Structures are given as structure tokens and as C-alpha cells.
1. Go through the residues of the range 420-440 one by one and say whether even a single one is within 24 Å of Trp228 (Cβ to Cβ), charged (D, E, K, R) and in a loop (DSSP other than H, G, I, E, B).
2. For the range 260-301, enumerate the residues that are on the phi < 0 side of the Ramachandran plot and without any contact (Cβ under 8 Å) to a residue 40 or more places away in the chain.
3. Could you tell me how many of the residues in the range 34-70 are charged (D, E, K, R) and buried (at least 19 other Cβ atoms within 10 Å of the Cβ)?
4. For the range 180-196, give me each residue that is among the polar types (S, T, N, Q) and either within 10 Å of the ligand (Cβ to nearest atom) or open to solvent by 60 Å² or more (accessible area, probe 1.4 Å) (or both).
5. Scan the range 445-456 residue by residue and report those that are out of contact with any Leu (no Cβ under 7 Å at 6 or more places or on another chain) and surrounded by fewer than 16 Cβ atoms within 10 Å (Cβ to Cβ).
6. Are any residues in the range 280-301 assigned to a strand (DSSP E or B) and either in contact with a helix residue (DSSP H, G or I) (Cβ under 9 Å, 6 or more places away or on another chain) or exposed (fewer than 15 other Cβ atoms within 10 Å of the Cβ) (or both), and if so, which ones?
7. Working carefully through the options Arg112, Arg117, find the one that is within 11 Å of the ligand (Cβ to nearest atom), over 24 Å from Leu21 (Cβ atoms) and open to solvent by 10 Å² or more (accessible area, probe 1.4 Å).
8. For the structure I just gave you, tell me whether Trp414 is crowded, with 16+ Cβ neighbours inside 10 Å and either touching a Phe, Trp or Tyr at 6+ places or on another chain (Cβ under 7 Å) or more than 22 Å from Pro321 (Cβ to Cβ) (or both).
Amino acid sequence: MGLTAIVVGGSVLGLGTALALADAGHRVLVLERSPETLPSDVDEAAQWHRPTVPQGLQSHAFASLGCNLLRDRARDVYDGLLAIGAREINLADTPPPTLDGFERVPADDDLRMVLTRRSTFELVLRSRVLARPGVTVRTGATVRGLVVDGGRVVGVRLEDGETVSGDIIVDATGRKTAADTWLAEAGSPAREVVSESCRIVYYTRYYKRLSPVPPGPLNRGFGAGGLWDHYTAVLFLGDNDTFSISFGVLPEDTALKSLREEAAFTAAVRATPLLAGWVAPGNSEPISPVYSMGGLDNSLRTPSRVPGFFAVGDSVCTTNPSYGRGVSLGLRHAYVLADLLASHPVVDAAQAEEFAARSEALVRPWYEEAVANDRGRAGLWEATVQGRAPMRPPAGMVTFGTAVAAASKDAEVWRRVANVMMMLREPRELYADEEIRGRVGKALAGGPPPQLPGAGRETMLAAVRGVPVG
Ligand SMILES: Cc1cc2nc3c(=O)[nH]c(=O)nc-3n(C[C@H](O)[C@H](O)[C@H](O)COP(=O)(O)OP(=O)(O)OC[C@H]3O[C@@H](n4cnc5c(N)ncnc54)[C@H](O)[C@@H]3O)c2cc1C
């Protein structure tokens with residue numbers, strides 16, 4: 001007989017946790033504060049504006065780690081996505097054209113991704129979770145505290161004072177979690193939180209493709225994109241002939257704040273040669289306004305060691321969305337919990353300690369990589385915006401930028417970059433691997449490969465101001 005689990009938060013990773021626990025034989029009650037009803041189809045889901053989940057409106061790519069987990073452990077969700085208009089791709093089917101003699105190896109099969117909007121992903125996930133007999137989702141239920149008995153968490157207290165009991169409580173309330181307060185009120189030791197701004201603001205707009213074939217190059221498998229000297233722009237292919245384009249700029253780059261305006265957004269896409277064709281007349285039509293989102297941090301909480309209390313998803317760790325990791329990391333974490341409960345079903349201090357150790361091992365490398373990469377990228381952008389020459393990384397150091405540049409010339413570097421980006425291998429296997437270091441050095445010895453066509457600073461500023469570029 002399984003445990004009774006209360007999952008607090010019914011967004012993507014609360015649902016993912018419910019999925020993992022229910023399939024392991026536990027009864028799950030999901031408590032979600034939003035009083036929402038389930039959208040009935042993908043179009044209605046795309047209009048699903050939940051104030052507590054603003055990132056639900058932003059572009060999402062689903063890394064291979066998460067896609068493979070669903071395919072292997074929750075096949076109905078995976079198949080449900082494909083049935084509703086999402087598409088499976090494999091990154092090894094489209095290696096960079098500059099790689100001579102690229103040969104696929106069996107392990108490349110794992111580099112699969114499912115192309116879908118986040119709203120469609122969550123629609124399918126939620127309907128499949130609700131179809132599981134052991135799961136109940138209660139909406140309009142806001143948790144305000146924990147119920148503790150004998151040093152163990154045994155329930156939650158809702159806003160109206162009602163208490164709900166469970167064998168374990170899982171915090172999936174996202175990056176604004178109040179669980180530190182709940183734990184403190186319950187007399188539990190504080191968790192350490194480290195955080196550092198990602199130094200990026202997002203602007204995203206969705207489109208329906210009208211052209212029968214992709215109206216521009218696809219250099220990323222899941223879409224197209226580039227990282228230039230003061231901005232990034234990425235096109236994400238979605239389900240049902242949709243796509244979205246997201247710009248990322250420095251929060252203090254006031255000149256580009258106008259990207260939140262539809263006209264400036266379109267002008268910026270047109271100024272970016274890699275993406276311009278996608279918004280040319282007749283090739284697509286916009287299906288949303290521009291959604292902006294800032295205040296983004298890389299953050300990490302040390303795990304709680306209180307028996308009966310577990311945390312997953314953004315409530316534990318957030319990383320720069322550009323890396324597209326949050327959902328996969330959270331799903332992996334949910335299955336780590338499910339597997340732990342299988343091997344160690346007794347709710348006690350040893351179980352909490354083991355979960356803490358497994359959580360740290362899973363999450364910390366991704367947090368540290370995101371912080372290091374963001375410092376490098378933000379330094380470059382800041383120098384460009386301020387008109388200074390950027391600092392270059394020390395010679396011989398493998399950075400995200402040098403690895404990506406070398407990946408267009410060396411198949412083994414490409415494969416390693418792809419595996420780390422898709423979270424199938426850990427960051428140290430890219431940045432601290434002697435063989436990769438040597439290969440990156442060799443690939444870049446003759447100078448960096450030509451940049452993908454983006455917009456220089458002056459061109460971009462002129463475009464968003466509506467000034468014709470001379
Ligand atoms: C701009 C942007 C782009 C992103 N792009 C990607 C991407 O491409 N790929 C990717 O994998 N990840 C991406 N992410 C990250 C991803 O969106 C998050 O990792 C994910 O949404 C976190 O899910 P969650 O369930 O942990 O938290 P959330 O989605 O924040 O959900 C928390 C839920 O808890 C509920 N809640 C909060 N407090 C309470 C309470 N007291 N009681 C009851 N319910 C409560 C909320 O209402 C909400 O429903 C992106 C993030 C951002 C910001």
C-alpha cells in the first residue's frame with residue numbers, strides 16, 4: 001500500500017510529481033491556489049493566463065532529459081502530446097552543415113525532443129494526471145503552513161484554517177515558495193538560499209505558420225537562434241504549426257525596452273537576418289501579443305532535512321530560462337523522489353537525509369553552470385551596450401561560447417554540447433574534460449567560425465526606433 005502524498009502547487013512540476021508518485025502506487029492530493037478550470041483544447045490552453053504562473057506564457061523548449069523520462073516512464077503523456085499535434089525530433093538528424101562526415105551513433109537516439117508550446121504540454125500533462133485513479137486535484141486551495149508532529153511534517157494548513165493530513169508533503173509552489181516561512185514557523189532549521197540575477201529580460205510572441213515549408217533556416221533542431229553581442233533571439237517550433245520568438249536583453253538595456261511593443265518586436269525580428277523570413281508577409285501571422293518577463297534569478301535552496309517534507313521544481317532551483325532546463329530538472333527530481341520512496345518507504349530522518357543528498361547531486365551542477373555562463377554572457381552584453389571592448393575568457397578555458405563555436409567544426413564537441421544542453425550529461429563533462437578542452441582549442445585555432453546573421457547594436461537600435469537603416 002502506497003503513501004498519501006500532498007503536493008502543494010498544481011503547475012507543471014506539481015503535476016509532474018503527482019504523475020511520478022501515482023505511477024509508483026501512491027495516493028496523491030494536489031492543492032493548487034488558482035481557482036482555474038482545465039482548458040478544453042490547445043487554443044484555449046494558449047489563452048490560459050495564470051497570474052501565479054507568468055512563465056507559462058513564455059517560449060519553452062523541452063530538453064531530452066524530460067522528454068525521455070516521459071517516454072520511458074509515462075508513455076501515455078508522451079503519446080498524448082504527439083497525438084494532439086506536438087512533434088518529436090532528434091537533434092542528431094540536423095547536425096551543423098559545417099561538420100564534415102558527421103556520423104550518427106546509437107547513443108544519439110537519446111537526443112530527442114518534443115516540440116510543443118508550454119500551454120499544450122501542461123494541458124496534456126494535466127489531463128493525463130487527472131485520468132489516474134490515485135490522483136485528486138483541488139483548485140482554489142491555498143496552503144499557508146505545515147502541520148508538524150513529533151518533528152515530522154504530517155500535513156498542511158490551508159488559508160481558511162482547514163488542515164489536510166498526509167504521509168508526505170511536497171512543495172511544488174515554484175520560485176516564490178513560502179515554504180521557508182512555513183518551515184520556520186514549524187520550528188525547523190532554515191534552508192540556505194543562494195541566488196544571483198540572470199541579468200536577462202524576456203520578450204516573447206507566438207505565431208501561426210502559413211507557409212508550407214519553414215520560411216527560414218533551422219540551426220537548432222528545435223528551431224533557430226543565436227546569441228549575439230547584446231541580445232539573443234530564438235525561434236521555438238511549437239505544436240500545430242505554431243512557433244514563438246523570444247528576445248533576451250539586459251534588464252538595464254533601456255533602449256530595447258520597446259521590444260514589448262508589437263511594432264518594435266516585429267522590427268527587431270526583421271533586423272535579425274536569421275529569423276526575418278519567418279515574419280515576412282504571407283509566411284506567418286501573430287497569434288498573441290508580446291509577453292515580457294523579468295526579475296529572473298539563478299537560485300538554489302539547500303534541501304530540507306525535516307522528515308516528511310520534500311521540495312521539487314522551481315521551489316528548489318531556478319536557472320536562466322535560455323538554457324531550457326526547468327521542466328526537465330523538475331521532472332527528474334520528481335522521479336528521484338518516487339524512486340527514493342520505493343527503496344526507502346519509511347518516512348524518517350534517514351529518508352530525508354537521502355533525499356537531500358540526491359537533490360544536491362542532481363541540482364547543484366546546473367545552478368553553478370547557469371551562474372558561470374550568465375556572468376560571461378552578461379559581461380559581453382554590458383560591454384557592448386556601454387561601448388567598451390568585452391573581456392575575453394582566459395585562453396584554453398572552455399566556456400559556453402567557445403564550446404558552441406567549436407561545435408560547428410568538431411563532431412565530438414557538437415555531441416558533447418548537445419548532450420549537456422539536453423541534460424543527458426553533466427556540465428563538467430563539457431567544461432572540465434581534457435579531451436573536449438583539446439578539441440575546442442584545435443577547432444578554434446584558426447579563429448572563431450563566422451557568426452550567424454544577427455543584428456549589430458546600431459542596426460538593432462535603429463530598427464526598434466523605427467529609423468530606416470542606412
Ligand atoms: C521566461 C521563462 C522561460 C522558460 N523557458 C523554459 C524552457 O524553455 N524549458 C524549460 O524546461 N523550462 C523553462 N522555464 C522554466 C519553467 O517554466 C519552470 O521551471 C517551471 O514552470 C516551474 O514549474 P513549477 O511547477 O516548479 O512552478 P510554477 O510553474 O511556478 O508553479 C507553482 C504553482 O504553485 C501554485 N502555488 C503557489 N503557492 C501556493 C500555495 N501557497 N498553495 C497552493 N498552490 C500554490 C501556483 O499557483 C502555481 O500553480 C522558463 C521559465 C521562464 C521564467
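1. No, because not a single residue in the range 420-440 is within 24 Å of Trp228 (Cβ to Cβ), charged (D, E, K, R) and in a loop (DSSP other than H, G, I, E, B).
2. Residues of the range 260-301 that are on the phi < 0 side of the Ramachandran plot, as a first pass: 260-281, 283-294, 296-301.
Within the range 260-301, Glu261, Thr266, Val269, Pro281 meet the criteria.
3. Qualifying residue count for the region: 0.
4. Thr181, Ser195
5. Result: Ala445, Gly446, Gly447, Pro448, Pro450, Gln451, Gly456.
6. Ser284, Glu285, Pro286, Tyr291, Ser292, Met293, Asn298, Ser299, Leu300, Arg301 - these are the residues of the range 280-301 that are assigned to a strand (DSSP E or B) and either in contact with a helix residue (DSSP H, G or I) (Cβ under 9 Å, 6 or more places away or on another chain) or exposed (fewer than 15 other Cβ atoms within 10 Å of the Cβ) (or both).
7. Only one candidate qualifies: Arg117.
8. Against the criterion (crowded, with 16+ Cβ neighbours inside 10 Å and either touching a Phe, Trp or Tyr at 6+ places or on another chain (Cβ under 7 Å) or more than 22 Å from Pro321 (Cβ to Cβ) (or both)), Trp414 qualifies.
The values are calculated or read from the model by the stated rules, or taken from the named source; none is laboratory data. As the structure is a prediction and not an experimental result, all values here were calculated from the model. A quick note on method: Cβ atoms are made from the backbone with ideal geometry, for glycine too, and the neighbour counts reach across all protein chains shown. Side chains are part of the model used for accessible areas, which takes the heavy atoms of the whole protein and leaves out ligands, DNA and RNA. Shrake-Rupley method; radii C 1.70, N 1.55, O 1.52, S 1.80 Å.
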